[in-house]
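The values are calculated or read from the model by the stated rules, or taken from the named source; none is laboratory data. Model, not experiment: these values are computed from the prediction. All Cβ positions, glycine included, derive from the backbone under ideal geometry; neighbour counts span all protein chains shown.
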Amino acid sequence: MNKKWLAMKKKLIVAIGSMILLGILTTGAFVFLDVPAKMSLAPGNTKQEASLKYEDITDPVELEKLWQEYIYDSIATVGNTREFNSAQEINALYVAEFCWFKYVTEHGKEGLALAGKDSTLRVFPLGTVLEYAQRYFDLTTLDVSAIDENSYDQQKCAFLFDFGVEPTRPSYNANNSWGEHLEKATRNSDGTVTAVLVRNGPALSGRIELTKTYTFKSREDGSLYYARGRWDYIDNHLVTLTGDYQRFDKILGFEGKMEELAMIGEANGKLLLVNTPYAKGKKASLLLLNPETMKIEKRLEVQDQLELSDVRLTADKIVLFLKDKIITVDKALGGTKDIYLPQAIKSKMERKAKYDKNGIPDIFFGGYDVSNDHQKIVYTDEIGVKLFNLADNSEKLLAPAVPIVGSKFLDNSNHNHPRFVADEQKVVTTMTAYEGTRGYTMCDLEAGSARTYDISSENSSTGLIHYDTGLLEVNTPLNNGECKTLYLDFKTESIKEIKVEEPGATDYIRPPDYCYVGQDYAAFTNHTWDGNDNAKSMFFLNRLNLKTMQVEPKIISVKAAEMHILGVLADGRIVFWYSFNPSENGVCITLLHR
């Protein structure tokens with residue numbers, strides 16, 4: 001999954017959360033639910049915790065102090081760390097955000113300097129953060145090395161925040177915008193205090209989704225500080241699957257995030273996967289997966305942080321596109337070879353951009369691809385699509401950037417993610433827009449012509465091409481307001497409409513892993529939303545035969561959980577994963593297609 005989509009998805013989640021919050025605040029639609037008898041809210045479930053003696057804290061004054069002083073500000077900050085056994089394991093950014101809310105509540109933010117002349121961000125010194133971190137977490141240091149430069153200024157040794165603070169804070173037993181409430185608090189025989197928060201499901205669902213359990217250590221003066229915490233999702237048995245498939249709990253040998261995993265092809269009955277972590281400092285890796293056992297059999301770590309668009313499988317090798325070189329890897333993940341880029345290409349990537357008042361750079365580099373014989377490189381910049389010949393260092397403009405008429409922000413639509421296709425007789429690119437994309441361009445190298453296609457959607461990307469077959473746009477919006485499913489064939493350059501009897505919901509941004517185009521088959525999902533309860537939503541998996549262009553609809557149906565496609569095998573089998581929450585998820589492969 002690329003970074004652009006992950007960033008967009010975060011924005012989408014925030015937007016949905018804001019709508020839910022508005023509904024809660026305006027309708028009061030918040031229900032305190034009784035905890036099922038089978039679910040224990042004792043201090044914990046480990047042997048050590050189970051041996052503790054504890055007494056319930058029932059005094060409203062004490063509960064209110066615990067809520068206001070320690071818990072409420074943690075919900076959107078340190079509460080995002082799903083498990084920690086010491087405060088050192090909490091993300092440093094979450095700790096700093098918690099400390100920000102404490103500082104602003106006590107002092108306001110007006111006394112903090114602005115980060116810049118035109119900035120609304122405030123400079124929150126690390127020294128000040130550590131004062132609060134020691135008070136609430138017993139921490140004297142924070143590791144800020146992995147924090148993004150937009151949140152931490154290394155030169156100023158300060159965080160850059162501008163979060164608002166609510167004028168009135170809800171009580172521990174009142175409705176709040178996060179949908180979480182303090183269910184239970186205990187004082188334990190070892191001097192610790194345990195608090196259990198409960199998060200309810202949709203207001204009309206009558207269910208609990210998860211609990212958060214925090215343990216605080218106490219000081220002689222009676223103050224508390226965070227010692228450990230964890231989330232426990234409730235298995236409400238909401239997910240059901242129908243169809244012919246084999247299910248696995250997980251991919252054995254893979255401990256990363258499924259949304260950062262993608263299939264790039266096959267080799268000798270194994271699946272070639274690439275893991276591209278989004279977090280700063282995390283390295284990419286190539287993996288060999290046995291689809292019969294769903295077990296990783298080999299792993300090769302790459303000494304760089306990559307995006308999915310930086311990896312491509314050719315006929316006999318895997319190609320990694322770096323800023324200074326190309327790395328080729330054999331399909332068995334054994335031997336590697338470095339091929340250094342010519343200075344003419346490297347210099348394009350090394351340029352320093354200047355930005356206008358709208359934040360638009362004056363230069364552009366949209367990536368590159370290399371031919372199988374390593375003699376030609378196609379790349380894109382602000383001028384257009386260019387073909388570079390390594391034999392004589394000559395360069396040819398295949399298609400210029402396209403002027404945009406009437407835009408307040410962009411002068412041109414640039415070519416992005418160039419890829420050799422149609423047995424390297426053509427080059428296809430994605431056309432950029434201010435937000436999203438504007439379509440595709442196909443350059444015919446022999447004819448010297450270029451053709452544009454206005455069929456893309458927000459997350460369209462030629463950088464995610466896995467096979468030399470075509471591009472599938474599912475429920476793509478057209479200029480006349482209709483939504484259609486269209487297939488662009490690389491070799492014929494024709495667009496074919498794919499008939500889908502029940503297209504499902506169309507009013508949302510489709511993530512890239514809702515669709516996968518393989519060698520002989522493609523797969524895509526569609527779904528129906530339930531606006532009142534996501535557990536009633538339905539996802540459907542469809543298979544497309546690329547030879548007949550016929551769709552096999554709804555070969556798999558999933559209730560409640562969101563479904564994502566990992567890859568499509570040459571024999572038509574589809575590997576997919578689903579997730580409702582960490583207690584209800586899995587990885588599946590459809591049975592052999594007949």
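Out of the residues in region 89-117 meeting the condition of being small (Gly, Ala, Ser) and out of contact with any Phe, Trp or Tyr (no Cβ under 7 Å at 6 or more places or on another chain), tell me which one is farthest from THR77 (Cα to Cα).
Here the answer is GLY116.
Which of the numbered conditions does PRO202 fail, given that it passes all the others? Conditions: (1) assigned to a loop (DSSP other than H, G, I, E, B); (2) closer than 28 Å to GLY111 by Cβ.
PRO202 satisfies every listed condition except (2).
Looking at MET563, MET538 in this structure, which one is under 23 Å from the mean Cα position of the chain (by Cα), farther than 27 Å from THR293 by Cβ and of a type in the set (A, V, I, L, M)? Don't jump to the end; show me each part of the working.
Values: MET563 fails: farther than 27 Å from THR293 by Cβ.
Going through MET563, MET538 in turn, just one is under 23 Å from the mean Cα position of the chain (by Cα), farther than 27 Å from THR293 by Cβ and of a type in the set (A, V, I, L, M): MET538.
Would you mind finding the one in THR186, THR194 that is touching a residue at least 12 places away in the same chain (Cβ under 8 Å), in contact with a Gly (Cβ under 8 Å, 6 or more places away or on another chain) and assigned by TED's automatic domain parsing to the domain that holds ASP221?
Details: THR186 fails: in contact with a Gly (Cβ under 8 Å, 6 or more places away or on another chain).
Just a single option satisfies the conditions, and that option is THR194.
Only one residue in LEU197, LEU142 is part of a strand (DSSP E or B) and within 27 Å of the chain's Cα centre (by Cα). Which one? Spell out how you get there, then give the answer.
On the way: LEU142 fails: part of a strand (DSSP E or B).
When all the criteria are applied, what remains is LEU197.
Restrict the check to region 301-311 and report whether at least one residue is surrounded by 14 or more Cβ atoms within 10 Å (Cβ to Cβ), among the polar types (S, T, N, Q), closer than 30 Å to ALA535 by Cβ and touching a residue at least 40 places away in the same chain (Cβ under 8 Å).
Looking through region 301-311, none of the residues is surrounded by 14 or more Cβ atoms within 10 Å (Cβ to Cβ), among the polar types (S, T, N, Q), closer than 30 Å to ALA535 by Cβ and touching a residue at least 40 places away in the same chain (Cβ under 8 Å).
Residue-wise test of (1) within 22 Å of VAL500 (Cα to Cα); (2) surrounded by fewer than 22 Cβ atoms within 10 Å (Cβ to Cβ); (3) modelled with pLDDT of 95 or more; (4) small (Gly, Ala, Ser).
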| residue | (1), (2), (3), (4) |
| --- | --- |
| LEU544 | yes, no, yes, no |
| MET549 | yes, yes, yes, no |
| ILE556 | yes, no, yes, no |
| VAL568 | yes, no, yes, no |
| VAL575 | yes, no, yes, no |
| PRO582 | no, yes, no, no |
| ASN585 | no, yes, yes, no |
| ILE589 | no, yes, yes, no |
| ARG594 | yes, yes, no, no |
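Is it the case that PHE101 is over 26 Å from HIS181 (Cβ atoms), at pLDDT 95 or above and outside any loop (DSSP other than H, G, I, E, B)?
Numbers: over 26 Å from HIS181 (Cβ atoms): no; at pLDDT 95 or above: yes; outside any loop (DSSP other than H, G, I, E, B): yes.
So PHE101 fails the test.
What are the residues in region 475-489 that are of a type in the set (A, V, I, L, M, F, W, C) and either modelled with pLDDT of 95 or more or more than 14 Å from PHE524 (Cβ to Cβ) (or both), if any? Even if it seems obvious, please write down each step before you answer.
Of all residues in region 475-489, those of a type in the set (A, V, I, L, M, F, W, C) come to 478, 483, 486, 488.
The answer is LEU478, LEU486, LEU488.
List every residue pair whose Cβ atoms sit under 7 Å apart, with the two residues 6 or more apart in sequence or on different chains, where the first one lies in region 479-508 and is touching a residue at least 24 places away in the same chain (Cβ under 8 Å) and the second, anywhere, is among the acidic types (Asp, Glu) and not in a strand (DSSP E or B).
Hits for this filter: PHE490/ASP468.
Determine whether GLU266 is part of a strand (DSSP E or B) and free of Cβ contacts under 8 Å to residues at least 60 places away in the same chain.
Values: part of a strand (DSSP E or B): yes; free of Cβ contacts under 8 Å to residues at least 60 places away in the same chain: no.
So GLU266 fails the test.
Scan region 53-80 and report the pairs whose first residue is more than 14 Å from VAL95 (Cβ to Cβ) and whose second residue is in a helix (DSSP H, G or I), with Cβ atoms within less than 7 Å and a gap of 6+ or a chain change.
If the second residue must be in a helix (DSSP H, G or I), the pairs left are ILE57/LEU63.
Could you go through region 404-414 and let me know if any residue there is of a type in the set (A, V, I, L, M, F, W, C) and exposed (fewer than 15 other Cβ atoms within 10 Å of the Cβ).
Of the residues in region 404-414, the ones of a type in the set (A, V, I, L, M, F, W, C) are 404-405, 409-410.
With the extra rule that they be exposed (fewer than 15 other Cβ atoms within 10 Å of the Cβ), the set shrinks to 405, 409.
Yes: region 404-414 contains one or more residues that are of a type in the set (A, V, I, L, M, F, W, C) and exposed (fewer than 15 other Cβ atoms within 10 Å of the Cβ).
Just need a number here: residues in region 421-434 that are within 13 Å of LYS376 (Cβ to Cβ) and crowded, with 24+ Cβ neighbours inside 10 Å. First the steps, then the outcome.
Filtering region 421-434 down to residues within 13 Å of LYS376 (Cβ to Cβ) leaves 424-427.
If we keep only those that are crowded, with 24+ Cβ neighbours inside 10 Å as well, we get 427.
Residues meeting the conditions: 1.
Under the condition of being more than 17 Å from TYR440 (Cβ to Cβ) and touching a Pro at 6+ places or on another chain (Cβ under 8 Å), which residue from region 356-378 is surrounded by the fewest Cβ atoms within 10 Å (Cβ to Cβ)?
Result: TYR368.
Take the residues in region 450-472 that are assigned to a strand (DSSP E or B) and among the small types (Gly, Ala, Ser), then tell me which one is surrounded by the most Cβ atoms within 10 Å (Cβ to Cβ). Step through it out loud before you land on a result.
To start, the set of residues in region 450-472 that are assigned to a strand (DSSP E or B) comprises 450-453, 470-472.
Remaining after also requiring among the small types (Gly, Ala, Ser): 450, 470.
Details: ALA450: 19, GLY470: 23.
So, considering only residues that are assigned to a strand (DSSP E or B) and among the small types (Gly, Ala, Ser), the one surrounded by the most Cβ atoms within 10 Å (Cβ to Cβ) is GLY470.
Of the conditions (1) farther than 23 Å from GLY470 by Cα; (2) touching a His at 6+ places or on another chain (Cβ under 9 Å); (3) at pLDDT below 95, PRO511 clears all except one; give me its number.
It is condition (1) that PRO511 fails.
Every residue in region 317-344 that is surrounded by fewer than 18 Cβ atoms within 10 Å (Cβ to Cβ), free of Cβ contacts under 8 Å to residues at least 40 places away in the same chain and in a loop (DSSP other than H, G, I, E, B), please.
LEU322, LYS323, ASP324, GLY334, GLY335, listed by residue number.
Could you list, in sequence order, all residues of region 152-173 that are in contact with a Ser or Thr (Cβ under 8 Å, 6 or more places away or on another chain) and among the aromatic types (Phe, Trp, Tyr)?
Across region 152-173, the qualifying residues are PHE159, PHE161.
Within the set of pairs 6 or more residues apart or between chains, which connect a residue that is in contact (Cβ under 8 Å) with a residue 60 or more places away in the chain inside region 106-135 to a residue that is part of a helix (DSSP H, G or I) with Cβ atoms less than 9 Å apart?
That search, which allows pairs on different chains as well, returns ARG135/CYS99; ARG135/LYS102.
Taking region 128-166 as the region of interest, how many residues are out of contact with any strand residue (DSSP E or B) (no Cβ under 9 Å at 6 or more places or on another chain) and on the phi > 0 side of the Ramachandran plot?
0
I want to confirm something. Restricting to region 62-108 and keeping residues that are over 22 Å from the mean Cα position of the chain (by Cα) and basic (Lys, Arg), which single residue is surrounded by the fewest Cβ atoms within 10 Å (Cβ to Cβ)?
Checked region 62-108; the qualifying residue surrounded by the fewest Cβ atoms within 10 Å (Cβ to Cβ) is LYS65.
If only one of VAL551, VAL500 is in a loop (DSSP other than H, G, I, E, B), more than 24 Å from the chain's Cα centre (by Cα) and not charged (D, E, K, R), which one is it?
Values: VAL551 fails: in a loop (DSSP other than H, G, I, E, B).
Testing whether each residue is in a loop (DSSP other than H, G, I, E, B), more than 24 Å from the chain's Cα centre (by Cα) and not charged (D, E, K, R) leaves just VAL500.
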